[in-house]
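Peer 1: Got a structure here, written out as structure tokens. Questions coming.
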Amino acid sequence: GRNRACMPSDTGDGVDIVEATVAEVHAAFEAGALTAAALVDRYLDRIEAYDDELNAILTLNDTARSRAERLDEQFAADGLVGPLHGVPVIIKDNADTHDMPTTAGSTALAESVPEEDAFVVDRLRAAGGVILAKANLQEFAFGVDTISSLGGATRNAYDLGRRPAGSSGGTAAAIAANLGAVGTGSDTCSSVRSPAAFNNSVGLRPTRGLISRSGIVPLCSTQDTVGPITRTVADTARMLDVLAGYDPADPATATGADRIPAGGYTTHLDPDGLDGARIGVVREFFGRSSSESASAAAAERVTAVVEGALEAMAAAGATIVDPVEVVDADVLAAARVLEYEFARDFDAYLAGLDGDVPYDSLAGIVESGAVAPAVAERIRESDILEGDSDRLAENVGYLRSLDRRRRCRERTVARLVESDLDALAYPPSVVPPVEIPTHQPFAELRCELAAHTGLPAITVPAGFTDDGLPVGVELLGRSFAEPRLIELAYAFERASDHRRPPERFGPLESATNQ
């Protein structure tokens, strides 16, 4: 790596960008202490200095600086152009960008530049955001390690020898290490929430239908959703204000269009949000599922941290209802439909690309040998390439799984109503990040309740294990109850203050200010 003593400073102009929030960035713009172009330069310096170790970034946007300069001109004339004016955003590389490749982490798509931005990317740009870079992900978003044929393995920002979870591990590690201001992930089961938890950050999986899926490389269209990954609940709320909204190309968003709060999500940043709240503890989601995938001691370390988080919620005025039984674990697991939808949805995405992509199917890409071995093996071990996706409408197994999903949703909402609960609480993963090259055990993630019901869930930093590994706590709410989840999460964040930057990625130092 470069000699850090000779690097530009993160604090040379008096503004420390490590842990900077959107509000702080805008305050620095207003005070004349920082420009958007200087901010882009500062983050690019950090990526150059630190990403060799972290391996979170796939592609830099070579137009980011000129975009920032234009925003500086607009700011001088008219002030902020939108809620993310000049804010450098890290995008998970499964969201279409018209000016950069969209690869899903696969060498097979390395040269694929879509003609149009994904709906959410368009929204981010319209809000004044600067797309700084695209992040590594688990190839095709299929898995929870963040390994891809194009990018290799991303590392955890808090322990470079461990996994960052997945599939949005590149975004989460980059945001945790302050390589960008805010980021996007996508979540089919755990993919926004566990990487955020493993990297001491905030991740929100929204209600199905709140955020558009158009222009996202699909994994399982009835479960896929985009979600923000940020360092603070306030920045998650601000991102949600930009990302949520109706998209004619994704009819599901019609259900969420009139459920967005009139004043926006940032009006729900209530430090007293836990006072009088009722939180149900899904006790069956604690502790390991399999002795093969984790030690009892590893699970106990996570449980201890989450118990502390529940105590902090109670101290902030919440009533903790413990335990609350929600759904039968076997029925919940049997509601999985990914193996039915993946090939169908991915092949449809390939068919919609106008560029010169050398493959027309997931099967063709897997057979080519181009896929990361760990991902290809998972695909081959499943039934993903065996099914007849043209006849899903009459596939009894698929229809049964969809019906189980409906029942899980009804049962979960009923339990929230019967017990008068604002949210359910549980760990996003019951074990800490595992050491590379071990694969993060999917069996120990607790992602399926939100994924299979379509209900919203937010993970917030809950603290650290005794050996310094981040742990999150997840809160799941009723349909389109994001405003309430933000109130609860913000109040917990304010009461507990567990967010801290990873020590290895501190401010860059210059020779003049050491």
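The values are calculated or read from the model by the stated rules, or taken from the named source; none is laboratory data. Because the structure is predicted, anything quoted here is derived from the model rather than measured. Reconstructed Cβ throughout: ideal geometry from the backbone, glycine too, with neighbour counts over all protein chains shown. Areas reflect the complete protein model, heavy atoms only, side chains present, ligands, DNA and RNA absent. Shrake-Rupley method; radii C 1.70, N 1.55, O 1.52, S 1.80 Å.
Peer 1: Could you check the stretch 249-266 and list, in sequence order, the residues that are in contact (Cβ under 8 Å) with a residue 12 or more places away in the chain and not small (G, A, S)?
Peer 2: Result: D250, T253, T255, R259, I260, P261, Y265, T266.
Peer 1: Can you tell me how many residues in the stretch 310-353 are open to solvent by less than 30 Å² (accessible area, probe 1.4 Å) and among the β-branched types (V, I, T)?
Peer 2: The qualifying residues number 4.
Peer 1: Then there's this: Taking the stretch 261-280 as the search range and keeping residues that are closer than 20 Å to E325 by Cα and buried (at least 18 other Cβ atoms within 10 Å of the Cβ), which one is farthest from the chain's Cα centre (by Cα)?
Peer 2: Residue satisfying both the conditions and the ranking: A277.
Peer 1: Spot the failing condition for P501; the list is (1) part of a loop (DSSP other than H, G, I, E, B); (2) surrounded by 24 or more Cβ atoms within 10 Å (Cβ to Cβ), and only one is missed.
Peer 2: Every listed condition holds for P501 apart from (2).
Peer 1: How many residues does the stretch 98-126 hold that are open to solvent by less than 10 Å² (accessible area, probe 1.4 Å) and over 27 Å from E339 (Cα atoms)?
Peer 2: Final tally of qualifying residues: 3.
Peer 1: On to the next question. Just give me the residues in the stretch 153-169 being out of contact with any Phe, Trp or Tyr (no Cβ under 9 Å at 6 or more places or on another chain), buried (at least 24 other Cβ atoms within 10 Å of the Cβ) and farther than 20 Å from T225 by Cα, in sequence order.
Peer 2: T154
Peer 1: So which residues in the stretch 103-148 are more than 24 Å from P437 (Cα to Cα), part of a loop (DSSP other than H, G, I, E, B) and in contact with a strand residue (DSSP E or B) (Cβ under 7 Å, 6 or more places away or on another chain)?
Peer 2: A118, G129
Peer 1: Do any residues in the stretch 277-294 that are at positive phi have Cβ atoms under 6 Å from those of residues that are of a type in the set (G, A, S) and at pLDDT 95 or above, where the two are at least six apart or on different chains, and which pairs are they?
Peer 2: Going by the 6 Å Cβ cut-off, the qualifying pairs are G287/A299.
Peer 1: Checking F492 against (1) within 17 Å of L421 (Cα to Cα); (2) surrounded by fewer than 24 Cβ atoms within 10 Å (Cβ to Cβ); (3) not aliphatic (A, V, I, L, M), which test does it fail?
Peer 2: Answer for F492: the failing condition is (2).
Peer 1: Any chance you could count how many residues in the stretch 1-45 are of a type outside the set (A, V, I, L, M), surrounded by fewer than 22 Cβ atoms within 10 Å (Cβ to Cβ), assigned to a loop (DSSP other than H, G, I, E, B) and at pLDDT below 95?
Peer 2: 10
Peer 1: Can you tell me how many residues within the stretch 46-97 are farther than 23 Å from V120 by Cα and either among the aliphatic types (A, V, I, L, M) or modelled with pLDDT under 95 (or both)?
Peer 2: Total satisfying the criteria: 5.
Peer 1: Another question, if that's okay. At least 2 residues that are buried (at least 24 other Cβ atoms within 10 Å of the Cβ), among the small types (G, A, S) and touching a helix residue (DSSP H, G or I) at 6+ places or on another chain (Cβ under 6 Å) in each: list the strands (runs of 3 or more DSSP E) lying fully within the stretch 170-244 that qualify.
Peer 2: Per the criteria, 182-187.
Peer 1: Quick check on R283: is it within 24 Å of the chain's Cα centre (by Cα) and open to solvent by 70 Å² or more (accessible area, probe 1.4 Å)?
Peer 2: no
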